[in-house]
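Below: one structure, written as structure tokens.
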Amino acid sequence: MPITAPLWPITGWLLLNDVASAELPFNLAQLTPGVFVHLGQQVSPEAAGHDDIANTGFIVGKTCIAVIDTGGSVDVGRALRAAIRQHSALPICYVINTHVHFDHVLGNAAFADDHVSFVGSATLATEMKRSESFFFQNYGARRVIGPDRLVEKDLTLDLGGRRLSLKAWATAHTDCDLTVVDEKTGTLWAGDLLFRERLPALDGSAKGWLAAIADLESWHVKLTVPGHGTLSRDLPAALAPEQHYLQALVDSIRMDLKKGVSLQSALGEAANTERGTWLLWDEVHPRNVARVYQELEWE
Amino acid sequence: MTESSSVVVASHSAARRVLAALLIVLTANVAAAQDSQPSSSAWQFLKDKYYGDHTMGVVDEQFMSVEAPANTPDAAATPVTLHFANDPTRAIKRVRVFIDNNPSPLAATFEFTAGAVPITAIDMRVRVDRFTSVRAVAETAGGDLEMRSTWVKAAGGCSAPPAATGSGALGEIRFRPSMDAKSLQVSIRHPNSSGFQIDPRTNAPIPAHYISSLTLQAGGKPVLSADLGISISENPTLRIATDRALPTPVMIDAVDSETHAHYSATMADNRVAAAQ
């Protein structure tokens, strides 16, 4: 299936494969009972529709709803909230952010009046503050809401007969990554620890990210929702392309540093053989090279 | 109605495209001239300040070149590479690097030691605040001036918050010789705060705090010294390429702008990388 195809065949495929499911507006699919996902668009943050590039969604328990990521603008957040309300009148208790990037957090403002608890990694609060003026200037944000409930390592949230298990990670994609597992259905929300189809964007540590991938490979989950890209029922297979790319980047730049190749030259050459079918290579790869170079020169 | 108005819009935009194309053709010569000799009021001011009415050559690319990515992947750490010819009759004495539109445009002044191992390239990483020319002006021992420049599209590099993943001991120095020992990268752990950054924890400005100068010795003789400004990126890093293996021991001494502390390190052997 071409990865640039409209999203409905993908969700349609999931619908066919799931016992109970229903398709709702706002490109929303119920993957498995009580688990809803909205797939973001695979476009550059600079392109039209840039506020809707991340996967978002929600999980419904017996007494509570938890939202996981809210999109890149208050408009996307509102659309998500409206979609929730079409399905359930239960209170929204938690808005969980998987990390600081704008496309996952700027919809938080749409939930400001819901008396929710905003949940994130212990480092997310500072990261949100750091990014505030950047969000105001570059993404038209008018209100940035950070977490009020922080996850140091692990946290379990109870939605009423349904437990979500949250884990905060050491620096990987960013320095505030958080994953969520719906224990009832074995659904993993990987946040941006997993990119599919779209080239992974590094904002933390390549070595840390590879370590996180090695950890995740052994997780037994039934369904994985990546931060970007299509869903997967095979987590190790879904992680493989991203792992391959990051490892190639690290190997190539390590060699560059050994040979005395400058960052300038590395920008145009490092790991270019990995281009493959990744989306947004030209937009994302040079920055990854610069990041990894600066990380590895201190090895 | 909708259809006819959309036709009008289409032909109107077509006309605009033709007009735009004409304008591009008409201004092409002017643009080309500007590309080869970028100029700005900022540069005019800097040129007068540092060089007065001294004549400045701009065409000799063999003598010196300046390279930077037109679209930088990271405004706070944009690589700039200077390449130098090894012309003993026109030995370079000093090179200044300017970033026209930065709050403090003079990024670095390099003094080359006469008779030392000839330097063929210097790599550095700089903060770029907004679209700007990045230029290098070389002064020869004979007093000639040569200028080369390039254009960089970037924004916000001076006020970008410190890297979230920054760590290590202040002043820690890392030598990274290449396998052929003709290139040496020196990195210094230092926030190199520009004075234009905000501390996300307190919302207060972070005072300027940077490496203000450094000297490099090889085989017991000075090779290069540099005065550095706030445009140099966090964890200041210089890569120096020479036309032959740099004699050892290599010694670096860097000075802190605020504490005046000296951060020094010595590399006894630059065949380390080759032995690995």
Can you list the strands (runs of 3 or more DSSP E) found entirely within the stretch B:200-276 that contain at least 2 residues being buried (at least 21 other Cβ atoms within 10 Å of the Cβ)? B:211-218, B:221-228, B:237-242, B:250-256
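Would a scan of the stretch B:82-99 turn up a residue that is within 12 Å of chain A (Cβ to nearest Cβ) and touching a strand residue (DSSP E or B) at 6+ places or on another chain (Cβ under 6 Å)?
As a first pass, look at the stretch B:82-99 and keep what is within 12 Å of chain A (Cβ to nearest Cβ): B:82-83.
If we keep only those that are touching a strand residue (DSSP E or B) at 6+ places or on another chain (Cβ under 6 Å) too, we end up with B:82-83.
For the stretch B:82-99, residues within 12 Å of chain A (Cβ to nearest Cβ) and touching a strand residue (DSSP E or B) at 6+ places or on another chain (Cβ under 6 Å): present.
Against the condition crowded, with 20+ Cβ neighbours inside 10 Å, part of a strand (DSSP E or B) and in contact (Cβ under 8 Å) with a residue 24 or more places away in the chain, how does residue B:79 come out, does it pass?
Yes, satisfied.
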Of all residues in the stretch B:175-223 being β-branched (Val, Ile, Thr) and touching a residue at least 24 places away in the same chain (Cβ under 8 Å), the one that is farthest from the other protein chains (Cβ to nearest Cβ): B:215
Search the stretch A:253-273 for residues being part of a helix (DSSP H, G or I) and modelled with pLDDT under 90, and hand back the single one that is farthest from the other protein chains (Cβ to nearest Cβ). A:268
Looking at (1) within 16 Å of the chain's Cα centre (by Cα); (2) buried (at least 16 other Cβ atoms within 10 Å of the Cβ), which is the one condition that is false for residue B:47? (1)
Considering every residue within the stretch A:252-259, establish whether at least one is more than 30 Å from residue B:174 (Cβ to Cβ) and of a type in the set (Gly, Ala, Ser). no
Selected residue [within 16 Å of residue A:55 (Cβ to Cβ) and not in a loop (DSSP other than H, G, I, E, B)] from A:83, A:110: A:83
Can you list residue pairs whose Cβ atoms sit under 9 Å apart, with the first residue in the stretch A:283-299 being at the interface with chain B (Cβ under 7 Å from one of its Cβ atoms) and free of Cβ contacts under 8 Å to residues at least 40 places away in the same chain and the second being assigned to a helix (DSSP H, G or I) and not β-branched (Val, Ile, Thr)? Count only pairs 6 or more apart in sequence or on different chains. A:286/A:267; A:286/A:268; A:290/A:263; A:290/A:266; A:290/A:267; A:294/A:263
Of the residues that sit in the stretch A:220-252 and are part of a helix (DSSP H, G or I) and charged (D, E, K, R), which one is farthest from the other protein chains (Cβ to nearest Cβ)? A:242
Scan the stretch A:96-140 residue by residue and report those that are out of contact with any Gly (no Cβ under 9 Å at 6 or more places or on another chain) and touching a residue at least 40 places away in the same chain (Cβ under 8 Å). A:116, A:119, A:121, A:122, A:123, A:140
Checked A:192, A:175 against criteria (away from chain B (no Cβ under 14 Å), buried (at least 21 other Cβ atoms within 10 Å of the Cβ) and touching a Gly at 6+ places or on another chain (Cβ under 6 Å)); the one match is A:192
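If you check residue A:280 against the conditions, is it more than 10 Å from chain B (Cβ to nearest Cβ) and either β-branched (Val, Ile, Thr) or under 30 Å from residue A:53 (Cα atoms) (or both)? Steps first, please.
Working: more than 10 Å from chain B (Cβ to nearest Cβ): yes; either β-branched (Val, Ile, Thr) or under 30 Å from residue A:53 (Cα atoms) (or both): yes.
The answer is yes for residue A:280.
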Looking at A:276, A:229, A:186, can you tell me which residue is more than 30 Å from residue B:241 (Cα to Cα) and at pLDDT below 95? A:276
In the stretch B:89-102, what residues are crowded, with 16+ Cβ neighbours inside 10 Å and within 15 Å of the chain's Cα centre (by Cα)? B:95, B:96, B:97, B:98, B:99, B:100, B:101, B:102
Is the stretch A:45-54 home to any residue that is within 28 Å of residue A:204 (Cβ to Cβ), modelled with pLDDT of 90 or more and assigned to a strand (DSSP E or B)? no
Exactly one of A:126, A:98 is polar (S, T, N, Q), outside any strand (DSSP E or B) and out of contact with any helix residue (DSSP H, G or I) (no Cβ under 9 Å at 6 or more places or on another chain), and that residue is A:126
Sort out which residues of the stretch A:95-122 are surrounded by fewer than 24 Cβ atoms within 10 Å (Cβ to Cβ) and of a type outside the set (A, V, I, L, M), and write them in order of number. A:102, A:111, A:113, A:114, A:115, A:117, A:118
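Check B:148, B:135, B:125 and return the single one that is of a type in the set (Lys, Arg), in contact (Cβ under 8 Å) with a residue 40 or more places away in the chain, under 24 Å from residue A:263 (Cα atoms) and within 13 Å of chain A (Cβ to nearest Cβ). Lay out the reasoning, then the answer.
Values: B:148 fails: within 13 Å of chain A (Cβ to nearest Cβ); B:135 fails: within 13 Å of chain A (Cβ to nearest Cβ).
So the residue among B:148, B:135, B:125 that is of a type in the set (Lys, Arg), in contact (Cβ under 8 Å) with a residue 40 or more places away in the chain, under 24 Å from residue A:263 (Cα atoms) and within 13 Å of chain A (Cβ to nearest Cβ) is B:125.
The values are calculated or read from the model by the stated rules, or taken from the named source; none is laboratory data. Being a predicted model, the structure only gives us computed values, none of them experimental. FYI the Cβ positions are ideal-geometry reconstructions off the backbone, even for glycines, and counts take in every protein chain you see.
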